[in-house]
Amino acid sequence: MSFPLLASSTTLPPPPLPAAIPGQPPSLAQRIHIPSHIYKHPTAILLELCNSMKELHQILPHIIKNGLYNEHLFETKLISLFTKYGSLDDATKVFDFAKLKVDPMYHTMLKAHTRQSTVDSSLSFYSRMRYDNVTPVIYNFGYLLKACADTSDVLKGKQVHAQLILHGFSDNLFAMTSVVNLYAKCGMVGDACKMFDRMPDRDLVCWNTVIAGYAQNGMSKRALELVLRMHEEGCHRPDSVTVVSILPACAAIGSLRMGKSIHGYVYRNGFESLVNVSTALVDMYAKCGSVGTARLVFDKIDSKTVVSLNAMIDGYARNGYYDEALIIFQRMLDEGFKPTNVTIMSTLHACAESRNLELGQFVHKLVNQLGLSSNVAVVNSLISMYCKCQRVDIAAELFKNLKGKTLVSWNAMILGYAQNGCVMDALTLFCKMHLLNIKPDSFTMVSVVTALAELSVLRQAKWIHGFAIRTCLNRNVFAATALVDMYAKCGAVHTARKLFDIMGDRHVTTWNAMIDGYGTHGFGKEAVELFEEMRTGHVKPNDITFLCIISACSHSGFVEKGRYYFKIMREEYSLEPSMDHYGAMVDLLGRAGRLGEAWNFIDNMPVRPGLNVYGAMLGACKIHKNVDLGEKAADKLFELDPDDGGYHVLLANMYATASMWHKVAKVRTMMERKGIQKTPGCSLVDLRNEVHTFYSGSTTHPQSEKIYAYLETLLDRIKAAGYIPDTDSIHDVEDDVQEQLLKSHSEKLAISFGLLNTSAGTTIHIRKNLRVCADCHSATKYISLVMKREIIVRDMHRFHHFKNGVCSCGDYW
């Protein structure tokens, strides 16, 4: 048996929005006589007590059975309940079937449309109301304006605003507050402010609306100024809503002092017990870098919500306390809270930065269980996490299957490829994006430029620089900083400095990129001069700046300068050294041959030394042939990471440099037993849009015969100029075989290829995946002298500029 009230019905197509009907004053709802036996009927009482859709469906058969479905009271009540419980379709069927449609029915239906349907549907129903000569009430416009604001549909919002004015509500406080909210949420803060200023009377809700509008649209200072203006005018005292609106503004401008002042106001006015206020305080303190205070506020919240937990997780993650963030996340799960998309994204950020792949994969499973696998923002976070955890293959699969990719998705995948050394994949994806007419932004540019910096091909660097200029993205400070870094990493450090000099606005990362560029090129003097210039300016050095300048001093042998900078880092700038800073100091002392001082420095460290610290010590011991300290460093390294192949190779090379061949054999046997493979040395050279790769002793290149023949002649010429092969690292073979092994090193093959295929005077750029060996370093100096060529070699640590028989490193590398 079908229920006629819920039968489908056809509604008239709504006409366009009409103008107000002149001369028709707003009227009270029509009074309808309802017989007592109707409103006293048990079914009517059941409807009054109904608390859920389930109960409503249980009551419906009683309405049908008793023939009450045509009664006005039941029609009105059913419309109200269906809309209340989110069933607009059922409410529409009841409404369309009703013979007597009174104004309150229309108002209820319009409210339901604005909350449960689209803006177009809501406006169509409003048009039907006007077509049926129903006079709008003020709340109709409030609902419509809110619907437009929530969807950022400013054009339709303006139509509703016009209707509001036509119906004489332009002086109504409630209506105009809704208008202010519309323009603020649509990003038209100027228009919102105009509406606000024109209002003859303003209540606290209106003030809060415009303050929130400024805060949410990135105009934090203006939001705070409005609060002061409200206080000065003496009309209203800020309430908890005001506080929740302005605390994010304090966080946005990093004003901890202002945030503390507001916290004092919260305490004096008894708002601390409100969870939303305490949560906003947690968020403000964390974003201002005071994560300890954020935790104190968090711990005082009696009834924590998902939002407050999210604020603490995000606060820890954004301040680098990744383990603590993950502990809060685990606690959240243990206490039975259901994570939201915000929880998941903050937790994935912590997993990514701490390289916690195992927990990241657990969160990925949780994403599927929560039904968030189609949420683009969540999938973007998963892509970033997998890329940071070096599982770019899984990230690429997620990206491939993602529907509704946003620009953030493309940026995350391009950057992920760049960070994992998949340079060509990054460039291919960028080109595909360009073909699909997806407009890049500054983040895209930073990602692509990062990839090209790793490729270290000057021709490609110039291409992307031109693209940035054509799209005006070179004006963005972060894109311009990435270009400075890229040119430095492509060997064109002077071009990098030119870009640096013409930048009007320089971020701290810009200074860091230029100082680091000078350092890796061995231009320590220039790095120090630039750092001193930075200290006198308005941009304050950060921890990365000090890492860059100490490393620059290390590469150039400026031991005392490096020590001085390490000292003032804490004393003048209140920056605590990280493990990277300690590693840089050991490298500084060790490269200079001060091995005893370096070891004492390690012994006196306030924290347990990490891999990089002992790795720097072992590298210095290899350079200076100090086997005793080198073995002590190696023992510590293998305690921390027994399976790191690089340190095994470094130890073997140290023994080889000291001609301790039996120990070399012992290390190699250990490597074989552990299954550790030595990374084969390779050198790359770019020529005519193609990158040519050479491995030591390889004969697979199409020009191999020419290259080896040319190399024989070249070696004879440099020997005549004074080159003597360095055979210290080779043993157990005859002298002529030693030379044969040395001459087939990848750098020599790449340089020979470059000389064969370029015209006289052309600079040759070589990239090496390992540290340049002593013999190749010596040979390249002589080649630059004999062939009158500049040769720029980028190895795993730094740049070497060979010209006229001299290297920019001063043989200090």
- Within segment 337-423, which trypsin sites (Lys or Arg not before Pro) sit in a loop by DSSP and count at most 14 neighbouring Cβ atoms inside 10 Å? Arg355, Lys403
- Can you tell me the dipole magnitude for segment 682-807 around its Cα centre, using point charges on the Cβ only (Lys, Arg +1; Asp, Glu -1), in Debye to the nearest 20? 760
- Item | Cβ-defined net charge surrounding Cys553, 11 Å radius [Lys, Arg +1; Asp, Glu -1] | +2
- Please pull out the direction-averaged projected area of segment 579-727, using the convex hull of its alpha-carbon atoms, in nm² to one decimal place. 12.3
- Evaluated over segment 682-807, the Cα radius of gyration and Dmax, each in Å: 13.5, 42
- Two-decimal Rg/Rh across segment 44-181, once Rg and the Kirkwood Rh are taken from alpha-carbon atoms: 1.03
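Taking 8 Å as the Cα distance limit and 6 or more residues as the minimum spacing, I'd like the relative contact order of segment 202-288 as a percentage.
With pairs under 8 Å counted, the relative contact order is 28 percent.
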- Item | Label-to-label distance, nm, for residues given as Asn600 and Asn769 (7 Å Cα→Cβ offset) | 4.1
- Query: To the nearest Å, what is the center-to-center distance of segment 545-612 and segment 340-398, using C-alpha atoms only?
  - Reply: 36
- Task: Ignoring everything but the protein chains, give the 1.4 Å probe accessible area of Ser273 in square angstrom, nearest 10.
- Result: 100
- Subtract the Cα-Cα distance of Val607 and Ser121 from 0.36 nm times their separation in residues, and report this length gain in nm to one decimal. 168.5 nm
- Just need the relative contact order of segment 682-807 here, percent rounded to a whole number, with Cα pairs under 8 Å and 6+ apart. 27
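Could you calculate the FRET efficiency of Leu756 with Asp628 from 1/(1 + (r/R0)^6), where r is the beta carbon distance between them and R0 is 45 Å, rounded to 0.05? Write out the running numbers ahead of the final one.
Values: r = 46 Å, r/R0 = 1.02.
The formula returns an efficiency of 0.45 here.
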- Take segment 307-413, drop everything but the C-alpha atoms, weight them equally and run the Debye formula without solvent; then report log10 I(q)/I(0) at 0.12, 0.18, 0.23 Å⁻¹ to two decimals. -0.35, -0.80, -1.27
- Query: Once amide H atoms are placed 1.01 Å from N in the peptide plane, what residues at a sequence separation of 5 or more from Cys682, or on another chain, have their amide H within under 5 Å of its amide H?
  - Reply: Asn769, Leu770
- Note on the structure: Ordering His263, His777 by the accessible surface of their heavy atoms, 1.4 Å probe, largest first, yields His263, His777
- Query: If you place +1 on the Cβ of every Lys and Arg and -1 on the Cβ of every Asp and Glu, how big does the dipole about the Cα centre of segment 369-437 come out, in debye to the nearest 20?
  - Reply: 120
- Between [x] -0.67, -1.22; [y] -0.48, -1.18; [z] -0.58, -1.20, which matches log10 I(q)/I(0) by the Debye sum over Cα atoms at q = 0.06, 0.10 Å⁻¹ calculated for the structure shown? [z]
- Task: Subtract the Cα-Cα distance of Tyr267 and Asp171 from 0.36 nm times their separation in residues, and report this length gain in nm to one decimal.
- Result: 30.9 nm
- Net charge over other residues, Cβ less than 11 angstrom from the Cβ of Gly315 (K, R count +1; D, E count -1): 0
- Item | Kirkwood-based shape ratio for segment 207-318, expressed as Rg/Rh from alpha carbons | 0.95
- Message: I'm a student and want to see the number: the projected area of the Cα convex hull of segment 542-629, averaged over all directions, in nm².
- Response: 5.1
- Along the charge dipole of the chain, which of Tyr614, Met129, Phe799 sits closest to the positive end, that is, farthest toward it, with unit charges on the beta carbon of Lys, Arg, Asp and Glu (+1, +1, -1, -1)? Met129
- Task: Quick one: which residues, 5+ away or cross-chain, put their amide H under 5 Å from the amide H of Val806? H built at 1.01 Å from N.
- Result: none
- Answer with one residue from Ser308, Tyr321, Phe271: the one whose Cα lies farthest towards the positive end of the charge dipole of segment 260-333, charges on Cβ with Lys, Arg +1 and Asp, Glu -1. Phe271
- Query: To the nearest 20 debye, what charge dipole does the chain have about its Cα centre, counting +1 at the Cβ of each Lys and Arg and -1 at the Cβ of each Asp and Glu?
  - Reply: 1560
- Scoring the chain by relative contact order with C-alpha pairs under 8 Å, at least six apart, yields a percentage of 4
- Roughly how many whole Å is it from the C-alpha centroid of segment 639-716 to that of segment 748-802? 17
- Which one of Asn140, Leu429, Val244 is farthest out on the positive end of the charge dipole of the chain, using unit charges on Cβ (Lys, Arg +1; Asp, Glu -1) and the Cα centre as origin? Asn140
- Task: Using Cα centres only, tell me the gap between segment 280-312 and segment 221-262 in whole Å.
- Result: 18
- Item | Neighbourhood net charge (14 Å Cβ-Cβ; Lys/Arg +1, Asp/Glu -1) for Leu640 | -2
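Pull out a ≥ b ≥ c, the square roots of the eigenvalues of the alpha-carbon gyration tensor of segment 150-218, then state rounded if a/c is under 1.5, prolate if not and a/b is larger than b/c, and oblate in the remaining case.
oblate
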- Note on the structure: Length gained if Ile253 through Asp201 is fully extended, taking 0.36 nm per residue and subtracting the Cα-Cα distance, is 15.6 nm
- Query: Given a Förster distance of 41 angstrom, what is the FRET efficiency for Arg570 paired with Asn689, based on the Cβ-Cβ distance and rounded to 0.05?
  - Reply: 0.25
- MRE, 222 nm, helices only [DSSP H, n ≥ 4, -39500 (n - 2.57), over the chain, to nearest 500]: -20500 deg cm²/dmol
- Query: Straight-line reach from Lys748: which aspartates and glutamates have a Cα under 17 Å away, not including same-chain ones fewer than 8 places off?
  - Reply: Asp686, Glu705, Glu712, Asp716, Asp726, Glu739, Asp775, Glu790, Asp795
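The values are calculated or read from the model by the stated rules, or taken from the named source; none is laboratory data. Computed from a predicted structure; not experimentally measured. With ideal geometry, Cβ positions are generated from the backbone for all residues, glycine too; neighbour counts draw on all protein chains shown. Accessible surface areas use protein heavy atoms only, side chains included; no ligands, DNA or RNA. Shrake-Rupley method; radii C 1.70, N 1.55, O 1.52, S 1.80 Å.
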